[in-house]
Amino acid sequence: MGLSTSAATRFLKYVTVDTQSDEQSEAYPSTPRQLVLLRQLVTELQDMGVADAGLDQYGYLTATIPATPGKEQVPVISFIAHVDTSPEVSGTDVRPLVHENYDGRDLVLPDDPGAVLREVDNPELADQRGNDIITASGGTLLGSDDKAGVAEIMAAAEHLIRHPEIPHGTIKIGFTPDEEVGRGTQHFDTARFGAEYAYTLDGSKVGDLEIENFSADAMTLTFRGFNVHPGYAKGRMVSALKLASEFVHRLPRHGLSPETTDGYDGYVHPHNIQGGVERATVKMLLRDFTAKGLDDKARMLADLADEVVRPFPSASVQIDRKESYRNMKEVLDRYPEVVEHAKTAMERAGLTPRFREIRGGTDGARLSFMGLPTPNLFAGEHNIHSRLEWTSVQDMDKAVEVIVEICRSWAE
Ligand SMILES: [Zn+2]
């Protein structure tokens with residue numbers, strides 16, 4: 001079908017609003033500048049005729065497109081994207097550039113001669129021949145993560161409103177702040193939102209359909225040693241610092257680490273070590289796609305820690321394991337229709353859905369466990385959190401088409 005939408009036009013406007021979130025802030029949203037774009041989106045939705053568009057006290061934007069006649073009983077589905085951009089790269093004065101009709105040439109970003117987007121470093125550009133690539137100008141990120149998703153949902157809303165002949169149930173829209181600082185769903189009220197199912201538009205390549213993510217735990221190991229004056233310590237002192245180091249030293253070298261795994265392989269990752277002779281702590285991240293794999297890793301670490309302290313009667317280790325987040329597949333497997341409709345929609349848009357696993361957590365995973373099953377769909381984001389971030393006009397249009405087809409598919 002190949003529908004030409006307002007996604008790119010909207011996107012070029014949204015990226016010029018600085019919406020960087022801030023890890024250090026204790027406010028919600030973490031930065032007031034996110035509200036500038038959120039308020040602008042409320043106005044645009046109201047102008048489109050979405051009467052109930054509004055922000056709550058936390059800055060969550062919610063809006064409803066009523067069902068077409070006779071489709072009021074169709075399950076309420078929703079589309080969600082986040083407005084903030086990463087704190088890692090500047091989002092001030094973003095100057096988006098459209099490189100029309102991409103033909104494999106180097107894309108030089110004018111504000112920094114070192115910033116060049118080359119196909120050899122970015123193999124995914126090869127699929128973009130003939131398309132119009134959007135980048136920033138070299139000094140900032142672009143913000144396709146996740147303003148591409150925002151623009152696509154807005155363009156899809158506009159399309160549905162302009163084409164009442166497309167049947168759909170009640171459609172909810174949700175725009176959230178602070179995803180990049182891990183607080184995107186902190187105050188999100190799923191009951192008030194009123195959707196039964198959701199899709200986040202926050203993925204990369206056209207066709208990507210993400211239904212699995214890591215299950216994640218954090219583990220803190222506290223080693224206790226025995227301190228005495230080092231001059232008179234023979235046969236008595238046990239250094240907690242050395243126990244902790246020995247533990248880290250004995251971790252697997254040829255696997256089970258972030259630097260040696262990809263795909264479906266999980267890992268254990270020491271990311272902080274602190275302490276002295278009396279007491280030392282090692283902080284670990286545990287990642288796996290299954291609950292069993294996560295438990296196995298926790299047991300391996302506990303056994304290893306025990307082995308390290310066993311030769312020293314005055315030493316001990318205490319282990320605290322905390323759940324961080326869980327694989328949304330556990331939830332999505334109970335609602336196969338959510339993924340089925342996304343698959344159907346992509347096929348109708350001429351795409352081959354590609355199931356991809358996320359080696360991290362997502363707002364969709366958190367929402368899934370909050371009672372709102374939420375897979376993640378491609379939005380056309382590439383090189384995110386980078387000055388070489390890019391997306392394409394045609395990929396954004398494809399995402400709009402997929403949203404519209406999902407709505408249609410649920411209504412059938
Ligand atoms: Zn994102």
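The values are calculated or read from the model by the stated rules, or taken from the named source; none is laboratory data. On a predicted model such as this, the values are computed, not experimentally measured, just so you know. Please note: Cβ atoms are built from the backbone with ideal geometry, for glycine as well, and neighbour counts cover all protein chains shown. Just so you know, the surface numbers come from the protein's heavy atoms only, side chains and all, with ligands and any DNA or RNA stripped out. Shrake-Rupley method; radii C 1.70, N 1.55, O 1.52, S 1.80 Å.
Considering only region 68-218, what is the antiparallel percent among its DSSP beta bridges, to the nearest 5? Before the final figure, lay out the partial values.
Numbers: 5 of 15 bridges.
The antiparallel proportion sits near 35 percent.
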### Task
Among the trypsin sites (Lys or Arg not before Pro) in region 176-266, which ones are in a DSSP loop with at most 15 other Cβ atoms within 10 Å of the Cβ? Mind listing them?
K205, K234, R236, R250, R253
### Task
Quantify, in whole percent, the carbon and sulfur part of the accessible surface of region 48-89 (1.4 Å probe; protein heavy atoms only).
52
### Query
Cα centroids of region 158-211 and region 1-56: how far apart, whole angstrom?
13
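Between R39 and R279, 0.36 nm times their residue separation minus their Cα-Cα distance comes to what?
Details: separation 240, 0.36 × 240 = 86.40 nm, distance 5.05 nm.
Extra length from R39 to R279 when fully extended: 81.4 nm.
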### Query
What residues have an amide H closer than 5 Å to that of Y199, excluding those fewer than 5 places away on the same chain, when H is modeled at 1.01 Å from N in the peptide plane?
S78, F79, I80
### Message
Can you compute the charge dipole magnitude of region 327-412 about its Cα centre, using +1 on each Lys and Arg Cβ and -1 on each Asp and Glu Cβ, nothing else charged? Give it in debye, rounded to the nearest 20.
### Response
220
#### Entry: Environment charge of V248, counting only residues whose C-beta is closer than 12 Å and scoring Lys/Arg +1, Asp/Glu -1
+3
### Query
Can you list residues whose amide H is under 5 Å from S386's amide H, if they're 5+ apart or on another chain and H is modeled 1.01 Å from N?
L142
### Task
With +1 on each Lys and Arg Cβ and -1 on each Asp and Glu Cβ, and nothing else charged, work out how big the dipole of the chain is about its Cα centre, in Debye to the nearest 20.
1540
#### Entry: Neighbourhood charge, 13 Å Cβ-Cβ cut-off, centred on G225 and excluding it, Lys, Arg +1 and Asp, Glu -1
+2
### Task
Before anything else, pin down the relative contact order of region 1-142: Cα pairs under 8 Å, at least 6 apart, normalised by residue count, whole percent.
23
## Note on the structure
Whole-Hz Karplus couplings 3J(HN,Hα) for region 369-378, θ = phi - 60° and coefficients 6.51, -1.76, 1.60, Gly and Pro as x, run 7, 8, x, 10, x, 9, x, 10, 10, 4
### Message
Name the residue from F223, P96, P270 whose Cα lies farthest towards the positive end of the charge dipole of the chain, charges +1 on Cβ of Lys and Arg and -1 on Cβ of Asp and Glu.
### Response
F223
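Please give the FRET efficiency for R253 paired with Q186, using the beta carbon to beta carbon distance and R0 = 45 Å, rounded to the nearest 0.05. Please report the intermediate quantities before stating the final value.
Details: r = 38 Å, r/R0 = 0.84.
FRET efficiency, R253 to Q186: 0.75.
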### Query
What is the set of long-range amide H partners of T19 at a cut-off below 5 Å, with H atoms built 1.01 Å from backbone N?
T85
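May I ask you to derive the relative contact order of the chain, considering only C-alpha pairs under 8 Å and at least 6 residues apart, and to give it as an integer percent? It would help to have the intermediate numbers written out before the result.
Working: 948 pairs, mean separation 98.3, N = 412.
Result for the chain is 24 percent.
Probe of 1.4 angstrom, ligands and nucleic acids ignored: what's the accessible area per residue over the chain, in square angstrom?
On the way: 17840 Å² over 412 residues.
Averaged over the residues of the chain, the accessible area is 43 Å².
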### Summary
With a 1.4 angstrom probe the carbon and sulfur portion of accessible area for region 230-367, in percent, totals 50
### Message
Just to check I understand the Karplus step: with θ = phi - 60° and J = 6.51 cos²θ - 1.76 cosθ + 1.60, what whole-Hz values come out for region 240-255, glycine and proline as x?
### Response
4, 4, 6, 5, 4, 5, 4, 4, 4, 4, 8, 5, x, 9, 10, x
### Task
Report the local net charge at L304: Lys and Arg +1, Asp and Glu -1, summed over other residues whose C-beta lies under 12 Å from its C-beta.
0
### Summary
So for R0 = 45 Å, FRET eff. of V116-F312 from the Cβ-Cβ r, to 0.05, ends up at 0.20
### Message
Per 0.36 nm of contour for each residue apart, how much would the distance between H163 and D296 grow if the chain were fully extended, relative to their Cα-Cα spacing?
### Response
42.6 nm
### Query
Under the Karplus relation 6.51 cos²θ - 1.76 cosθ + 1.60, θ = phi - 60°, what is the ordered set of whole-Hz ³J(HN,Hα) values for region 404-412, x standing for Gly and Pro?
4, 5, 4, 4, 5, 4, 5, 7, 7
#### Entry: Linear extension gain, E246 paired with A27, 0.36 nm per residue minus alpha-carbon span
74.8 nm
## Note on the structure
Quick calc, region 1-134, dipole around Cα centre from Cβ unit charges on Lys, Arg (+) and Asp, Glu (-), nearest 20 debye, gives 480
### Query
Given a Förster distance of 41 angstrom, what is the FRET efficiency for T16 paired with K71, based on the Cβ-Cβ distance and rounded to 0.05?
0.65
### Query
Hey, which of these cross-link pairs are over 20 Å Cα-Cα: K71/K172; K172/K205; K205/K398; K343/K398; K205/K297; K292/K343?
K172/K205; K205/K297; K292/K343
### Query
Which residue fluctuates the most in the chain, going by a Gaussian network model with Cα springs under 10 Å, if the choices are E100, E212, E26?
E26
